[in-house]
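Structure, as structure tokens:
The values are calculated or read from the model by the stated rules, or taken from the named source; none is laboratory data. Since we're looking at a predicted model, the values are computed, not measured. Cβ placement follows ideal geometry from the backbone for every residue including glycine, while neighbour counts extend to all protein chains displayed.
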């Protein structure tokens, strides 16, 4: 049941003592970097100023812009000859960010990924098919190393090539997969196209979902189609990658490994902490990173700490599934909207397919939203009234949640663009 029982079930007071000792070391290590060295000189802070975990608030918040502005080595806390790997973001929203790892960093990261996978019931007898992108993206290699440490047979196929994915699942009796939720939904249509039933014709039992926010309804669709238990995972390259937080077998929130990270939830506007149970922005601090420690990093991800103990017996805090990102928020006619709100409503409507696209446009002085939705093929069989009734229902369902009335266009399955990486859910054509 436990990969490291003593660590995973450590009493709260002992866990806090461990965190405090590691926080002091992290502050000391970070001071060797250009960024934190200069910051600590300005603020007069050093590891001696950290007397309790509450003192973490003395440390200014770190942002993605800080990482970009100090590209490439401004956060490096060791000499370059101690590094064994780097990972980088895509840079699609600006200059890329880069993260460096020593061998010890890789080993610590690998261990918490193995711990996470073991927690869900994966064992060395499993065959693990990694359907995530490799290379500079952390998701592929992070899970790959974790599964190998656990002792499973790893098939490193990467993303895309759907028919081959299915063939490998059958030929090698794959039992566990790592996949982006939107791609898992797309792959379901390929299973149907080639006449393979994953419940009947494969040995799949576990799916690890990550890399993009998704609703509970999306998880349920994946579990129902594939006949698996689908586990939500959370990670970001600035904090290593996958394995930062993970669901246990009870699937009631994701355990954040507090021996590796300090978790805070803050109000994104006031930057003040919010009580447990209240939603806010996730802020994380690395505790076991030598090459590039990062303190109080603003993830931009919105979630909350789930109060109370978990049935699994693990004492590490749980966070709710990520609602979205503060920088993913759409503002339309003064209303704040997150794409995941729209996904959640769509997945509740019978007949809706696996893909949708939000298009924002400005006409005159008014903003308009169009939601294109793939629906099941039978709705295009000739009964236009049935199609119109479905469209009206979707409009009303969305209006009840996002408080504005979008234009809804229904399209045939497979007609919207697909991506092997994170799904593109929003096209904003509004002029600045």
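Keeping to the range 98-110, report how many residues are crowded, with 20+ Cβ neighbours inside 10 Å and over 14 Å from residue 286 (Cβ atoms).
Selection size over the range 98-110: 2.
So which residues in the range 68-83 are modelled with pLDDT of 95 or more and not in a loop (DSSP other than H, G, I, E, B), if there are any at all?
80, 81, 82, 83
For the range 321-432, please list each of the strands (runs of 3 or more DSSP E) lying entirely inside it that holds at least 2 residues being over 30 Å from residue 161 (Cβ atoms) and more than 24 Å from the chain's Cα centre (by Cα). Spell out how you get there, then give the answer.
Details: elements: 330-332, 335-337, 352-363, 366-375, 407-411, 426-428.
Answer list for the range 321-432: 352-363, 366-375, 407-411.
Okay, residues lined up against (1) within 23 Å of the chain's Cα centre (by Cα); (2) exposed (fewer than 14 other Cβ atoms within 10 Å of the Cβ):
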| position | (1), (2) |
| --- | --- |
| 8 | yes, no |
| 18 | no, no |
| 23 | no, no |
| 27 | no, no |
| 34 | no, yes |
| 44 | no, yes |
| 52 | no, yes |
| 75 | no, no |
| 82 | no, no |
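Give the residue that is modelled with the lowest pLDDT, with candidates limited to residues of the range 410-426 that are over 14 Å from residue 213 (Cα atoms) and touching a helix residue (DSSP H, G or I) at 6+ places or on another chain (Cβ under 8 Å). Even if it seems obvious, please write down each step before you answer.
The initial filter retains those residues of the range 410-426 that are over 14 Å from residue 213 (Cα atoms), namely 410-420.
Adding the requirement that they be touching a helix residue (DSSP H, G or I) at 6+ places or on another chain (Cβ under 8 Å) leaves 410, 412-414, 418-420.
Values: 410: 95, 412: 91, 413: 89, 414: 87, 418: 77, 419: 68, 420: 64.
Within the range 410-426, the match that is modelled with the lowest pLDDT is 420.
In contact with a strand residue (DSSP E or B) (Cβ under 9 Å, 6 or more places away or on another chain) and closer than 27 Å to residue 144 by Cβ: which single residue out of 7, 62, 57, 102 fits that description? Let's see the steps before the verdict.
Values: 7 fails: in contact with a strand residue (DSSP E or B) (Cβ under 9 Å, 6 or more places away or on another chain); 62 fails: closer than 27 Å to residue 144 by Cβ; 57 fails: closer than 27 Å to residue 144 by Cβ.
Within the list 7, 62, 57, 102, the selection yields 102.
Within 30 Å of residue 3 (Cβ to Cβ) and either modelled with pLDDT under 90 or assigned by TED's automatic domain parsing to the domain that holds residue 64 (or both): is that true of residue 305 in this structure?
Working: within 30 Å of residue 3 (Cβ to Cβ): yes; either modelled with pLDDT under 90 or assigned by TED's automatic domain parsing to the domain that holds residue 64 (or both): yes.
So residue 305 passes the test.
Please enumerate the residues belonging to the range 1-17 that are in a helix (DSSP H, G or I) and modelled with pLDDT under 95.
Within the range 1-17, the first condition is being in a helix (DSSP H, G or I), and the residues that meet it are 5-8, 12-17.
Residues satisfying the conditions do not exist here.
Tell me the residue from 9, 43 that is within 27 Å of residue 255 (Cα to Cα) and in the same structural domain as residue 136 (by TED's automatic domain parsing), please.
On the way: 43 fails: within 27 Å of residue 255 (Cα to Cα).
9 is the lone residue from the list that is within 27 Å of residue 255 (Cα to Cα) and in the same structural domain as residue 136 (by TED's automatic domain parsing).
Step by step: first the residues of the range 238-274, then only those that are surrounded by fewer than 22 Cβ atoms within 10 Å (Cβ to Cβ) and at pLDDT below 95, then the one that is farthest from residue 84 (Cα to Cα). Which residue is that?
269
For the range 324-359, give me each residue that is over 26 Å from residue 184 (Cα atoms) and touching a strand residue (DSSP E or B) at 6+ places or on another chain (Cβ under 7 Å).
First, pick out the residues of the range 324-359 that are over 26 Å from residue 184 (Cα atoms): 331-336.
332, 333 - these are the residues of the range 324-359 that are over 26 Å from residue 184 (Cα atoms) and touching a strand residue (DSSP E or B) at 6+ places or on another chain (Cβ under 7 Å).
Here is a check on your reading of the model: is residue 277 free of Cβ contacts under 8 Å to residues at least 12 places away in the same chain, in a loop (DSSP other than H, G, I, E, B) and more than 27 Å from residue 45 (Cα to Cα)?
Values: free of Cβ contacts under 8 Å to residues at least 12 places away in the same chain: no; in a loop (DSSP other than H, G, I, E, B): yes; more than 27 Å from residue 45 (Cα to Cα): yes.
No.
Among the residues of the range 396-409, what is the count of those that are surrounded by 15 or more Cβ atoms within 10 Å (Cβ to Cβ) and modelled with pLDDT of 90 or more?
Looking only at that region, the number is 4.
What are the pairs with Cβ atoms under 8 angstrom where one residue, in the range 112-133, is on the phi > 0 side of the Ramachandran plot and the other, located anywhere, is part of a loop (DSSP other than H, G, I, E, B) and surrounded by fewer than 23 Cβ atoms within 10 Å (Cβ to Cβ)? Sequence gap at least six, or different chains.
What qualifies is 121/249.
Return the residues of the range 219-237 that are within 22 Å of residue 279 (Cα to Cα) and either free of Cβ contacts under 8 Å to residues at least 12 places away in the same chain or surrounded by fewer than 23 Cβ atoms within 10 Å (Cβ to Cβ) (or both); say none if nothing qualifies. Outline the logic, then answer.
Taking the range 219-237 and keeping what is within 22 Å of residue 279 (Cα to Cα), we get 219, 231-236.
Listed by number, the residues that qualify are 219, 232, 236.
Please go through the range 280-298 and give me each residue that is under 12 Å from residue 63 (Cβ atoms), in contact (Cβ under 8 Å) with a residue 60 or more places away in the chain and assigned to a strand (DSSP E or B), ordered by number.
We begin by selecting, within the range 280-298, every residue under 12 Å from residue 63 (Cβ atoms); these are 281, 283, 294-298.
Filter once more, so that each one left must be in contact (Cβ under 8 Å) with a residue 60 or more places away in the chain: 283, 294-298.
Result: 283, 297, 298.
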